1. Roughly how many Å² of Trp601 are accessible to a 1.4 Å probe, to the nearest 10?
2. Whenever you get a sec, line up Val664, Val515 from highest to lowest accessible area (probe 1.4 Å, protein heavy atoms).
3. Given the Cα atoms of segment 549-592, and with Rh set as the inverse mean 1/r over their pairs in the Kirkwood sense, what is Rg to Rh to two decimals?
4. Would you list Arg260, Arg326, Arg178, Arg133 from the most to the least accessible area, probe 1.4 Å?
5. Using a simple spin-label model with points 7 Å from Cα along the Cα→Cβ vector, what separation in nm is obtained for Ala170 and Arg50?
6. Once ligands and nucleic acids are excluded and a 1.4 Å probe is used, how much of Val452 is accessible, expressed in Å² to the nearest 10?
7. Accessible area per residue of the chain at 1.4 Å probe, in Å²?
8. Roughly what % antiparallel, to the nearest 5, for the DSSP beta bridges in segment 396-533?
Amino acid sequence: MLAKFPTGWTIVLLLAGWTVLAALPLSAEPVYPETILTPGETDSLSRQLREEFSRLSGELERAEEAYDSGEFGPKNPALSDRFELARELAGILKEQIAAGSADSLLHARRGMADFTAFLRFFTEKKALYAAMRTAGEPRAISVHDFGAKGDGVTDDSTAFAAAVAAAAEADGAPVEIRIPAGRYLFRKLHSCSRTVDLFQNRERRWIPETRRAHLLLNGLRNVTLKGEDSGATLLFGDDNENGVVIAGCDNLRLENLTLRNLRAPFLQGEIVEVFPQEKALKVKADPRFLPPDDPLYRSGRPVCQSYDAATGTLIGDASHFFYNRRFEKLPDGSWKLYFLTFKPGLRPGQTLIVPARKNGCYMVLLSRSKLCVFQKITVLNSRSAAFLSEGNFAEEYRECRVLPDRAGGALLSSNADGIHCNSAWFGAFVSGCEFRNLGDDAFNTYNRGWFVEEVLPDGILTRRPVPAGTGFSILSLQDGSIRAEGTSQGAAAKKAGAKSLPMMRIDRPLPEGIVSYAGLEKKYSARQLQEMQSGLRKLELPDIIFPHDGRGGVGTVIRDSHFSGCRNNGLVLQASSVLVKNNRIDNFNGIGINIGALLQWREGFHPGHIRIQDNRISRASIGVRSAVQTARGYGGRVNCLRNIVLRNNRIEQCGRAFDLHNGVTEQNGTGEKK
């Protein structure tokens with residue numbers, strides 16, 4: 001059945017017994033922000049963009065010529081896909097600049113930062129290949145040379161630290177730290193007070209209390225840690241701390257390793273009886289996992305999920321409900337657990353999972369590093385995200401796996417995301433990976449925005465001002481619209497009332513109606529504001545500032561991978577110039593591919609120029625969504641969604657195939673019956 005929508009879209013609707021696999025070509029006119037440029041400013045910006053685009057286009061042509069002539073090394077998808085995305089982006093920018101309207105020029109100005117990020121990526125990759133070609137073979141050392149036993153009993157922390165220190169003394173000359181097959185136990189924790197900021201050429205203060213690690217890799221260049229033979233397993237003894245922390249590293253590689261905590265950080269047990277009226281379950285807890293009275297459950301509101309014990313398949317209508325940390329120990333040794341929310345699909349015989357999630361306890365934390373590679377890394381459990389990436393440049397995940405430890409009876413792998421990328425200077429390359437049964441999203445990439453604290457006559461109070469000379473947008477959390485755009489003129493300390501915060505100076509007056517915390521403090525109580533900040537209330541939130549600095553995951557590529565059985569979403573794409581190609585995405589409680597901005601979490605900002613191609617998505621609540629999440633839910637004016645292409649994707653057995661608000665310029669594919 002076909003249905004015509006007022007926007008002119010033609011979409012195949014999901015009917016009982018049928019599965020939507022595709023739709024006919026469609027287009028929808030986005031709702032653009034209000035024009036904030038005068039005619040004179042429009043003409044000036046047009047000239048500026050034309051000159052900048054001409055220069056950058058020339059740089060792209062020269063980079064492609066160098067790639068074709070072998071100056072980047074052998075051709076590979078990590079580079080070829082990025083050149084393809086850069087060419088597409090150049091075409092979009094050319095069209096926007098030629099259109100000449102204020103709205104198209106503002107969109108092009110934001111995209112120019114992305115174009116610059118691509119060119120920096122090509123420059124860095126070419127330079128790395130040239131440096132490694134002349135550096136010679138890496139010097140090999142073994143952790144056994146420094147006293148590591150690998151017997152699963154001896155604490156090998158000091159031996160690994162000594163091997164890493166020896167590699168650091170090479171001062172950038174290539175070193176390979178070899179890790180023979182074995183089980184290496186880590187109990188001692190390491191921290192540092194400072195690390196290197198590779199992007200601002202300065203040292204950066206570190207926060208030891210929240211960045212302690214069993215294995216710390218700080219400031220290394222051209223170092224590889226490689227498991228030999230059948231691989232090595234690293235066992236981490238303190239489940240309140242990170243496993244591996246990588247900070248300020250350049251061209252670091254981790255290869256052929258399995259990572260896990262000694263204890264699986266979640267409760268797992270069979271549901272014996274269901275008490276819907278009490279929002280309670282009788283559970284026979286598996287003694288191999290956490291009991292309800294474990295200290296790891298002293299804080300937080302765990303989000304629970306259920307699996308079929310025989311198949312390990314997520315049960316969607318029995319997942320995503322909150323445990324309130326109340327329990328009773330019953331005479332027969334089982335437990336009665338109480339929940340804040342409940343799901344209608346909960347049944348006896350299902351396996352309940354209650355993750356003891358703690359953000360800040362990651363299996364791998366990658367911070368402020370560039371061109372790092374994870375090859376054949378397997379993560380079997382994690383208190384929070386398996387891989388947490390913050391402020392990095394072009395890391396790669398090749399043939400990595402985040403899987404439950406089925407040999408140990410586990411049905412959950414990571415308590416949170418598989419890969420969580422925050423404010424990347426250039427996006428990740430994910431290829432040949434397999435992620436199963438996670439406690440949140442399989443993949444998420446975004447740039448972090450910051451609330452408007454107060455609007456002053458000479459600037460904006462905000463906790464993270466945009467650097468001088470960088471453009472910014474102010475987005476409404478109420479409807480997703482862009483309220484204002486401008487350029488930062490730098491920051492200065494400012495005291496306003498009881499607050500002492502940086503004030504960002506701006507190049508133009510702001511329009512009326514910008515929502516700030518100072519304004520909300522006049523409308524709501526302190527408790528209401530606190531509840532809104534923590535997400536417990538959705539009354540109203542201040543507008544958000546996002547910089548135009550090319551961060552957030554520009555150039556992200558996800559291809560040839562399989563993501564399955566996660567409690568929340570598959571791929572969350574809050575970045576621009578992204579390619580998602582030839583993946584299997586199935587058995588999700590949430591959305592297969594979620595394109596947009598989760599503004600309520602200060603995540604975004606402008607997910608434009610995204611190509612979703614040749615993927616198979618099944619058994620999700622929604623196959624593909626393009627929308628902005630605001631305080632009012634999904635939808636709104638979503639004027640930062642543009643140039644989204646859905647091509648030859650197969651979507652089946654989903655509650656809805658599509659939830660597309662706008663920004664989609666092409667959509668096609670095929671269909672079949674369930």
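1. Rounded to the nearest 10, that gives 150 Å².
2. So, going from the largest accessible area down, we get Val515, Val664.
3. Details: Rg = 11.5 Å, Rh = 11.3 Å.
Taking Rh as the inverse mean 1/r over Cα pairs, Rg/Rh reads 1.02.
4. My answer, sorted largest first, is Arg133, Arg326, Arg178, Arg260.
5. With each label point 7 Å from Cα toward Cβ, the separation is 5.2 nm.
6. 0 Å²
7. On the way: 26550 Å² over 674 residues.
That works out to 39 Å² for each residue.
8. 65 percent
The values are calculated or read from the model by the stated rules, or taken from the named source; none is laboratory data. All values derive from a computational prediction rather than experimental measurement. Because the Cβ atoms are built from the backbone with ideal geometry, glycine has one as well, and the counts that use them run over all protein chains shown. All accessible areas refer to the heavy atoms of the entire protein, side chains included, with ligands and DNA or RNA removed. Shrake-Rupley method; radii C 1.70, N 1.55, O 1.52, S 1.80 Å.
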